[in-house]
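Structure, as structure tokens:
Each value in this text was obtained by applying a stated rule to the coordinates, not by laboratory testing. Since the model is a prediction, treat every value here as computed from it, not as a measurement. Quick reminder, even Gly has a Cβ in these numbers, built from the backbone with ideal geometry, and neighbours come from all protein chains shown.
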Amino acid sequence: MESSTGKRGLIDTDILLDAPKGNERSKHLLYQQQTRGAIQISVITAMELIRGCRNAGELRSLLDFMDTFSVLPIGPVASQKAYQWPVSYSLSHGLQIPDALIAGTAVEYGLTLFTGNTCHFRMIPEVIVEQPY
């Protein structure tokens, strides 16, 4: 597996959830991405993180954590891909709508998708997926 140290990528939700829990590998990846310009996430990832907040304090902490992130919108390419892929992969692989939209965002912006959940994406040949740890 090629090292993620030389690539800019789209960070999936699971990696962002690991960092505040003290996962050093997640923090290192986020640091590497920040030094390359910005930590890039899909707007879907941002919404998943916000939805996971249980109170106003958690929401404030999350927004502080994400303050320097680049939240990429879902554009026409991502929308079209996310519309097409479930036909091929929802029954056979259980592709979920948020994952289709996150994968579409990676394709639209030409980014490697960094995730711990490669099984959610590996069936889609257009998506470059890397499990960084």
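Listed by chain and number, the aspartates and glutamates placed with their C-alpha closer than 14 angstrom to that of K27 are D12, D14, D18; residues fewer than eight positions away on the same chain are left out. Gain on full extension, evaluated as 0.36 nm per residue between D67 and Q84 minus their Cα-Cα distance, stands at 2.9 nm.
Phi angles across the stretch 82-89 convert, under the Karplus curve 6.51 cos²θ - 1.76 cosθ + 1.60 with θ = phi - 60°, into 3J(HN,Hα) values of 5, 7, 7, 4, x, 4, 8, 10 Hz, Gly and Pro given as x.
In loop segments of the stretch 1-74 as defined by DSSP, the trypsin sites (Lys or Arg not before Pro) with at most 10 further C-beta atoms inside 10 Å of their C-beta are R54. Only Cα pairs under 8 Å and 6+ residues apart enter the sum, and on that basis the relative contact order of the chain stands at 29 percent. For the stretch 55-96, the percent of C-alpha pairs falling in each 5 Å distance bin, counted from 0 to the bin holding the largest distance, reads 5, 19, 13, 13, 11, 14, 17, 8, 0. In this entry, the chain is assigned a mean projected area of 8.0 nm², taken as a quarter of its C-alpha convex hull surface. Phi-derived couplings, Karplus 6.51 cos²θ - 1.76 cosθ + 1.60 at θ = phi - 60°, listed residue by residue for the stretch 62-79: 5, 5, 5, 4, 8, 3, 9, 6, 9, 8, 8, x, 7, x, x, 5, 4, 4 Hz, with x used for Gly and Pro. With helices as the sole contributors, the chain gives -15500 deg cm²/dmol at 222 nm; each DSSP H run of n ≥ 4 counts as -39500 (n - 2.57), and the sum is divided by every residue. One way to sum up the overall shape of the stretch 20-78 is the equivalent ellipsoid from its Cα gyration tensor, whose semi-axes run 19, 18, 10 Å, largest first.
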